[in-house]
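Structure first, then comments.
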Amino acid sequence: MGDYSRRTVLIGAAVLPLVPSRLLATGDMRMVRDKEIIWRRVMDDLSFEHAYVRQGPSGLSFGGTVLVSEKGAPLRIEYQGDCDDMWQTRKVALAQTYHGSAASLLLEHDGRGTWRRNGATAPDLAGCTDVDLGVSPSTNALPVNRLRLAPGASSTIRAAWVRFPSLDVEVAEQSYQRIADRRYHYRSLASGFEAQVEVDEDGFPTDYAGIWLRLGAGGLARQPSAMHGQPGFAGALVSPGPADDMADVAADFGWLVGGWSADVFDYDPDGEVRTGAGEWWFSWVLEGRAIQDVWISPPRALRCASCAPQTANNRYGTSLRHFDRDEGLWRITWINPVSGAVNALSGRRDGNRIVLLGEGDGDSIRWSFNDISNQSFVWTGERLGKDGTWRKEAEFRLRRIASMRAVSPRQGSV
């Protein structure tokens with residue numbers, strides 16, 4: 001996208017619990033109203049944005065969902081950001097889907113000049129005071145409210161400019177001049193792009209130089225959003241990548257992050273083989289120090305009271321994986337509320353295979369990931385028989401259906 005694209009996308013609203021606080025707005029210190037806004041990119045009618053802004057206990061939260069037609073393909077972006085009570089950007093988290101792939105980005109600022117990108121220190125962003133999303137007019141409100149320029153005054157800032165769909169982050173020098181009570185002159189110092197931006201009483205754009213036009217604004221519902229990666233439980237759980245202290249072992253399971261479809265084979269003791277389908281989703285969680293999955297068989301599209309028992313064994317559960325540094329092992333706990341199964345295993349990566357050992361119903365069990373690649377693998381579940389031989393109980397043949405910029409498979413052992 002060109003420079004104009006910094007204001008080009010549709011955002012589905014997400015919300016946070018309502019906790020009033022006093023924030024700085026254009027020209028004075030006062031409350032900023034909780035509200036949601038919808039914009040349309042009138043320049044080419046290729047995108048919309050439906051955004052929200054909400055007061056929090058110590059600052060402001062903003063975000064939403066962006067939809068745009070990018071080179072003829074749907075691009076969806078969900079984002080959420082936090083500012084302190086001086087309108088300094090502290091965090092912006094986003095997730096996007098484009099051409100069948102998913103990706104995410106997390107930018108964090110400590111308020112003292114240090115930025116982190118996906119958990120890693122980002123010295124190239126030093127000096128940036130704001131985040132500028134290249135697909136949204138909403139982030140213009142951040143410097144407008146933070147600077148509180150007097151009429152006729154101007155200021156130059158450094159912003160962390162996020163480009164889409166690449167999710168590259170560049171330092172962008174920008175200037176804002178307040179030319180009227182609710183009108184600003186914006187200029188990109190690098191490209192020379194200029195625009196006049198009309199804003200409302202809370203500093204949010206209403207007309208962005210004929211590129212974006214606000215279509216409506218209204219009160220904000222209190223109901224939390226269920227959007228992936230947005231505020232609430234999912235936002236507290238899901239992480240965009242591994243923590244820095246996981247760098248040496250992240251690749252063991254990091255390649256799984258994203259989504260997989262499965263052909264399911266369940267092997268009964270009497271020799272019967274029951275086939276079915278499944279879906280398997282993985283994400284970094286808990287500040288990037290663990291990997292969690294959700295395993296569903298039959299997949300959601302096929303689940304119903306009448307059809308589930310007739311296919312492969314019914315599973316809708318989750319596993320949590322964390323690395324035990326004292327033992328040099330990955331520890332895995334699997335919980336399936338459908339059947340009541342709870343299994344604990346541990347193991348390590350060994351070349352192109354991961355082998356995990358544990359106990360189930362008093363027997364030794366072995367789970368393994370085999371023939372690992374970025375696009376496919378085979379999972380096998382086995383039980384140790386009384387005769388000392390391993391009997392295959394289940395096999396899942398997986399194919400990737402979505403990626404989240406996963407860590408590439410690492411060759412060699414842990």
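The values are calculated or read from the model by the stated rules, or taken from the named source; none is laboratory data. In this text, all values refer to a predicted model and were calculated from it rather than measured experimentally. Neighbour counts are summed over all protein chains in view; Cβ atoms, including those assigned to glycine, are modelled from backbone coordinates with ideal geometry.
Here are the numbers:
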read-out	value
Qualifying residues in segment 82-92 (those that are out of contact with any Cys (no Cβ under 7 Å at 6 or more places or on another chain) and either surrounded by fewer than 23 Cβ atoms within 10 Å (Cβ to Cβ) or among the aromatic types (Phe, Trp, Tyr) (or both)) - the one nearest to Glu108 (Cα to Cα)	Lys91
Residue match in segment 289-307 (condition: at pLDDT below 90, in contact with a helix residue (DSSP H, G or I) (Cβ under 7 Å, 6 or more places away or on another chain) and on the phi < 0 side of the Ramachandran plot)	yes
Verdict on Asp293 being surrounded by fewer than 19 Cβ atoms within 10 Å (Cβ to Cβ) and of a type in the set (Asp, Glu)	no
Of the criteria (1) within 27 Å of Ser101 (Cβ to Cβ); (2) out of contact with any Pro (no Cβ under 8 Å at 6 or more places or on another chain); (3) at pLDDT 90 or above, which one Arg325 fails	(1)
Residue match in segment 61-68 (condition: at pLDDT below 90 and over 27 Å from Ala120 (Cβ atoms))	no
Residue match in segment 109-130 (condition: surrounded by fewer than 18 Cβ atoms within 10 Å (Cβ to Cβ), free of Cβ contacts under 8 Å to residues at least 12 places away in the same chain and in contact with an Asp or Glu (Cβ under 6 Å, 6 or more places away or on another chain))	yes
Residue satisfying condition, being loosely packed, with under 15 Cβ neighbours inside 10 Å and assigned to a loop (DSSP other than H, G, I, E, B), within set Ser136, Ser191	Ser191
From Val144, Val169, residue being in contact with a Gly (Cβ under 6 Å, 6 or more places away or on another chain) and among the β-branched types (Val, Ile, Thr)	Val144
Close pairs (6 angstrom Cβ cut-off, 6 or more residues apart or separate chains): on the phi < 0 side of the Ramachandran plot in segment 144-169, surrounded by 12 or more Cβ atoms within 10 Å (Cβ to Cβ) and part of a helix (DSSP H, G or I) anywhere	Ser155/Leu147; Ile157/Pro143; Ala160/Leu125
